[in-house]
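Structure record follows, encoded as structure tokens.
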Amino acid sequence: MTTRRKFVPLEMLVSAEQLQLADGFDLEKFRHSTTVRGKRLDWLCLSRRLLWMACGHEHIEPELLDWIDSIPQGAVMYDIGASNGIFAMYAVACGLRVIAIEPDPANYFLLSYNNYLNASANGVALEGCYNLAVSETMGVGRMHIKRMELGGHEKILDKAQDVFGHTFLPEYSHPVLKCSLDELVGIMKLPQPAYLKIDVDGAEAEVLAGAEECLKKVRSVFIELTESFLKEFAQNFFAQRGFAIASKQQVQNYAGLYNCIFEKKAGT
């Protein structure tokens, strides 16, 4: 015979002060609305950094906003390394079909919640958002997080090295599912991208190696690269697949790091 357990109210388990804090925590209080190039967007801003990202949207990487503005409405864009969705949500507001991919659980929570906010308030939503790492092949990898910070970067796949190859001691590391772009499209049946935005802090070679089939139909790639990786690998890699570099601009406050745009040549 099973004995029925007595319900224990929360008031018996925590102090009145803790209960008051729990009752007062409302995510709606941390919603912040902005207008970016005429488009209203809503954000969950739980920290100073996240508020800066929301309010400084147009000043962080305006060349990325320009690139998104150039994409025809209805086109499929993948945001690989989407963080909290700051650019993915703008792309949705521009009428694009956006697949956003973010491997870090903390940033993925922000991405998912910002998608909810904009779907409910502004009627725009991602076509899909996925908590996984894009890499060369399917498997289990490990994310090494230099600093545990909401909206932060330097969350590196499979090696505790920053984008310039400098080793660091991670504050936290965790396992993550990996999948290639070709597997996402070919096996998982996600839509074929025509436009790729890639910001993966040093895992660019792995992402590109797993995208051979996808790249045959991609028209343009916006990718963050170091000068050395651009010269030693990326320029030749893209040229062999029918792309030419259309733009190269230094990332704000990061010497030796560039936002590059590769465009598919006519007739290829």
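Things to note:
- With q set to 0.28 Å⁻¹, the log10 of I(q)/I(0) for the stretch 51-103, from the Debye formula over equal scatterers at the Cα positions, is -1.18.
- Degrees separating the helix 105-122 axis from the principal Cα axis of the chain, which is the longest one: 90 degrees
- Scanning the chain for chymotrypsin sites (Phe, Trp or Tyr not before Pro) that sit in a DSSP loop and have at most 11 other Cβ atoms within 10 Å, the longest stretch containing none of them is 26-268.
- With eigenvalues of the C-alpha gyration tensor scaled by 5 and rooted, the chain, Å: 35, 22, 19
- For the stretch 197-268, the tally of Lys pairs with Cα-Cα distances below 15 Å comes to 8, considering only residues 8 or more apart or on different chains.
- Going by neighbour counts of Cβ atoms within 10 Å, the residues Asp26, Asp42 line up, fewest first, as Asp26, Asp42.
- Neighbourhood net charge (14 Å Cβ-Cβ; Lys/Arg +1, Asp/Glu -1) for Ile145: -3
- Selected from Leu196, Leu257, Leu169 as most flexible by GNM, with the chain as the system and alpha-carbon contacts under 10 Å: Leu169
- Spatially, the stretch 156-201 and the stretch 67-88 are offset by 17 Å when compared through their Cα centroids.
- Computed [θ] at 222 nm, helices only, for the chain once each DSSP H run of length n ≥ 4 contributes -39500 (n - 2.57): -7500 deg cm²/dmol
All of the numbers you see were taken from the coordinates with simple rules; none came from a lab. Being a predicted model, the structure only gives us computed values, none of them experimental. Cβ coordinates were reconstructed from backbone atoms using ideal geometry, including for glycine residues, and neighbour counts include every protein chain displayed.
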